[in-house]
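These notes concern the structure reproduced below.
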Amino acid sequence: MTKSAATFRCTLVTPLRNEMDNIDRLWATIQGQTRTPDEWIIADNGSSDGTCEWLVQHSETSRFPVTVLSLPGKTIAQMLNMAIPRARHEIIACCHGGTRIPSDWLEHLLDPLQADSGTDVSGGVWEPYGETPSECWVARSIYHDCELADARTYCPASRSIAFKRSAWEKSGGFPEWLPKFGEDTLYAIRLHAAECKFQVAPKAIVGWRPKPLLWPLLRQFYFYGQANGCIRLHPEIGLGLLRPAVPLFGAAGLLLGGQHWLLSLVVLVAIPVADHWQLRVRRKRPYKEFGHYLLWEWVLRLARIIGWLNGRWLISRGHVHRPPSDEAAVKFYAAKLNGSECQLAGKGISK
């Protein structure tokens, strides 16, 4: 180990809950990193399957100090904000318990920070993967190109990110006012607004495992939409609403107008088929299967729209209070995003 590597120390922070089916793999992966953390703080969100007890027992065998915090009932933002002040080192890296982590992940994630002392944030990337047939089908449907990630506008997920503690302090930390999800997106926006210097670490790839069943997937994307509505970042309403609505309204209009049901069925099928075809021709969303197109452009889009409307309602009714500082940060980031050709490349599904 070089002298610079010896003085460049990092604390890894991991929020998790009920990970007994994955805890052996997670433990072995972190212990076997090509560049191990100098300290590992694990925030357990009230696991009921023995995860916390397993971690406490195994912490004594770790190659580096491990601290297990029991934080039942806390959000991810609260867990991270409570863990980071306990870190002994200036560099903070984050990963989640349910992700697939390669053995060289932390090494690649820390490279930009170690190579350039002026860098404040290193954003890793993620890729979908599945372990069951249904998870694999959903994972194949996700269009995700990490090569599009632009450091000027990139919003890395908290499952693969490293930053200086001073940047965390300057930005105000992870936002705790959001009802469910979206804390990592808004945290990245806070970092951008604080004019922190970002670098993308394209080789720091973690695997994200999607929900295997439709209902949990719908709930997940409903909460993503709710977060966007509260943050007021993405205009989910507009042309995006037309895609699932036009075929339904068209078919209903024909039926109400006294037309034959067969013609209504043709309209109901023909419009999405044509829309799928034009998306593939324009290569805007190159879905491999028609079922993938229906899942993302109809079903999950509608879940996000409903969640977005709920988020706007929560804000308008005063059930959720958005700090003026975050409103200013979002406006700053939106202006920055509009000046870039790259969208939220690393947030292809907003988590």
Item to complete: Can you work out the PRE-style zone for HIS319? Point 7 Å along Cα to Cβ, and I want the residues of the range 205-231 with backbone N under 14 Å.
Response: 223, 226-227, 229-230
Worksheet item: What nm distance separates the two modelled labels at ASP21 and HIS89, each placed 7 Å from Cα along Cα→Cβ?
Response: 3.2 nm
Worksheet item: Tally Lys and Arg at +1 and Asp and Glu at -1 over the other residues with C-beta under 10 Å from the C-beta of CYS230: what net charge comes out?
Response: +3
Fill in: Additional length obtainable on full extension of the chain from SER62 to GLU169, 0.36 nm per residue less Cα span
35.6 nm
Fill in: Rounded FRET efficiency, nearest 0.05, which uses the C-beta distance separating TRP215 from ARG9 and R0 of 35 Å
0.20
Worksheet item: Given 0.36 nm per residue, what is the gain on full extension from TRP177 to GLU195 after removing their alpha carbon distance, in nm?
Response: 4.3 nm
Worksheet item: What is the spin-label model distance, in nm, from ASP150 to CYS136 if the labels are put 7 Å beyond Cα along the C-beta direction?
Response: 3.7 nm
Item to complete: Evaluate the Debye formula for the range 30-108 with equal point scatterers sitting on the alpha carbons, no solvent, and hand back log10 of I(q)/I(0) at q = 0.13, 0.16, 0.22 Å⁻¹, in q order, two decimals.
Response: -0.41, -0.63, -1.22
Discussion item. Kirkwood Rh and Cα-based Rg: tell me the resulting Rg over Rh for the range 3-212, rounded to two decimals.
Written reply: 0.94
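If you take the beta carbon distance between SER70 and ALA28 as r and set R0 to 25 Å, what does 1/(1 + (r/R0)^6) give as a FRET efficiency, to the nearest 0.05?
0.65
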Fill in: Fraction of antiparallel bridges per DSSP, the range 1-146 only, in percent to nearest 5
0 percent
Response to the item:
PHE290 and SER117 label points (each 7 Å along its Cα→Cβ direction) are spaced in nm at 6.1 nm
Practice prompt. Give LYS164/LYS203; LYS203/LYS336; LYS197/LYS336 a once-over and call out the pairs whose C-alpha atoms are over 18 Å from each other.
Written response: LYS164/LYS203; LYS203/LYS336
Item to complete: Evaluate E = 1/(1 + (r/R0)^6) for SER103 and ALA335, where r is the Cβ-Cβ distance and R0 equals 41 Å; express this FRET efficiency to the nearest 0.05.
Response: 0.55
Worksheet item: Using mean Cβ contacts within 10 Å as the protection proxy, how do 219-225, 11-17, 183-189, 315-321 order, highest first?
Response: 183-189, 11-17, 219-225, 315-321
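Read-outs throughout are calculated quantities, based only on the coordinates presented, and are distinct from any laboratory measurement. It should be emphasised that the depicted structure is a prediction, and the values quoted were computed from it without experimental measurement. Don't worry about glycine lacking a Cβ; one is built from the backbone with ideal geometry, like all the others, and counts go over all protein chains shown.
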